[in-house]
1. Taking region 100-110 as the search range and keeping residues that are modelled with pLDDT of 90 or more and among the hydrophobic types (A, V, I, L, M, F, W, C), which one is nearest to LEU49 (Cα to Cα)?
2. Looking at region 44-75 only, could you name the residues that are under 15 Å from ALA119 (Cα atoms) and among the hydrophobic types (A, V, I, L, M, F, W, C)?
3. Going through GLU96, GLU55, GLU65 one at a time, which residue ends up being touching a Leu at 6+ places or on another chain (Cβ under 9 Å) and charged (D, E, K, R)?
4. Regarding LEU110, is this residue touching a helix residue (DSSP H, G or I) at 6+ places or on another chain (Cβ under 7 Å) and assigned to a helix (DSSP H, G or I)?
5. Looking at region 62-110 only, could you name the residues that are among the acidic types (Asp, Glu) and within 25 Å of PRO44 (Cα to Cα)?
Amino acid sequence: MAWVNVLLERRFFRDAISKVIDQQQIKRITLSELDNIASPTESPTSIDLIKECIELDRENLFRQECIEQKPDTNFQTLVLQRTDGKSWKEIAAKSEINVSTLTSFYSPCLAKFADKLKAYCTEDG
């Protein structure tokens, strides 16, 4: 086995590496050049797109959809808080509304606005 390993190392790998290098014509760069290379930009995630659509609220739909007698607790604020990682308990405590009331308001709104959000996000993307 030692003999096979030596053959592979000395013949095959050298030949294979030199052929790959010849085919790809690899360009060597210095460390200072490496600093000047732009890093690839990350594409926005679905959550980022949805959040942006909700924040823009072009037609003022998401702000208008609110819980009765609590105009400051609307669909827009709930989505933005949820996308920021807040739990239903935290949102409920802040808005002084039961978790069940929030979620029973949120779910139908999500279904209601799903097509609109999809249209907004594909339009911008």
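The values are calculated or read from the model by the stated rules, or taken from the named source; none is laboratory data. The structure displayed is predicted, hence computed values, not measured ones. Using ideal geometry, Cβ is built from the backbone for each residue, glycine included, and neighbour counts are taken over all protein chains shown.
1. CYS109
2. ILE47, LEU49, ILE50, CYS53, ILE54, LEU56, LEU61, PHE62
3. Going through GLU96, GLU55, GLU65 in turn, just one is touching a Leu at 6+ places or on another chain (Cβ under 9 Å) and charged (D, E, K, R): GLU55.
4. So LEU110 does not fit the description; no.
5. ASP84, the sole residue that qualifies.
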